[in-house]
Amino acid sequence: METAEIIAVSVAALLILTEILCLYLCSKLKSKNCPMCIIIPIHRNDSKFTERLDCIGSHIEEGDPLIGNVLLMDIDADEKQIQHCMEFCQRYHAAEIILPKDIEASVKKHLHFE
């Protein structure tokens, strides 16, 4: 084997080992991420509610591993907001609409404290 061939094989082997190491480390780091339970309060006078909900939806669609569940807490929502929430819940099964009095039970259920 000539020197150029030995160098080429060595560089290729080093690249393969580096890629395997990176894949291993990335898989270990992903497993350390704990999904979060996101609580979004719904107020009648919240002008940014739709944008906030759409942003969360785009993170879910992109496969964000940190978003586990989305709890939409109805504080004083109007009909339009409730309709938007119902559509969101149908689209993303990790979401549900709750009332403030049910927050403790919902959080326990989704974070598996029970």
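The values are calculated or read from the model by the stated rules, or taken from the named source; none is laboratory data. Nothing here was measured: the structure is a model prediction, and the numbers come from that model. So basically every Cβ, Gly included, is an ideal-geometry build from the backbone, and we count neighbours across all protein chains shown.
Would you be able to say whether some residue in the range 78-85 is at pLDDT 80 or above, of a type outside the set (D, E, K, R) and surrounded by fewer than 15 Cβ atoms within 10 Å (Cβ to Cβ)?
At the first step, the residues of the range 78-85 found to be at pLDDT 80 or above are 78-85.
Checking which are of a type outside the set (D, E, K, R) leaves us with 81-85.
Next cut, surrounded by fewer than 15 Cβ atoms within 10 Å (Cβ to Cβ) only: 82-83.
Yes, there is a match, as at least one residue in the range 78-85 is at pLDDT 80 or above, of a type outside the set (D, E, K, R) and surrounded by fewer than 15 Cβ atoms within 10 Å (Cβ to Cβ).
Working only within the range 24-45, note down all residues that are modelled with pLDDT under 85, part of a loop (DSSP other than H, G, I, E, B) and either charged (D, E, K, R) or under 24 Å from M86 (Cβ atoms) (or both).
Within the range 24-45, K32, P35 meet the criteria.
For the range 55-64, how many residues are exposed (fewer than 13 other Cβ atoms within 10 Å of the Cβ) and either in a loop (DSSP other than H, G, I, E, B) or more than 13 Å from the chain's Cα centre (by Cα) (or both)? Even if it seems obvious, please write down each step before you answer.
Let us first name the residues in the range 55-64 that are exposed (fewer than 13 other Cβ atoms within 10 Å of the Cβ), namely 55, 58, 61-63.
Going one step further and asking which of them are either in a loop (DSSP other than H, G, I, E, B) or more than 13 Å from the chain's Cα centre (by Cα) (or both), we end up with 62-63.
Of the residues in that region, 2 qualify.
Counting only residues that are crowded, with 18+ Cβ neighbours inside 10 Å, under 20 Å from K108 (Cα atoms) and either touching a His at 6+ places or on another chain (Cβ under 8 Å) or aromatic (F, W, Y) (or both), how many does the range 65-77 have?
Adding up the residues that qualify gives 3.
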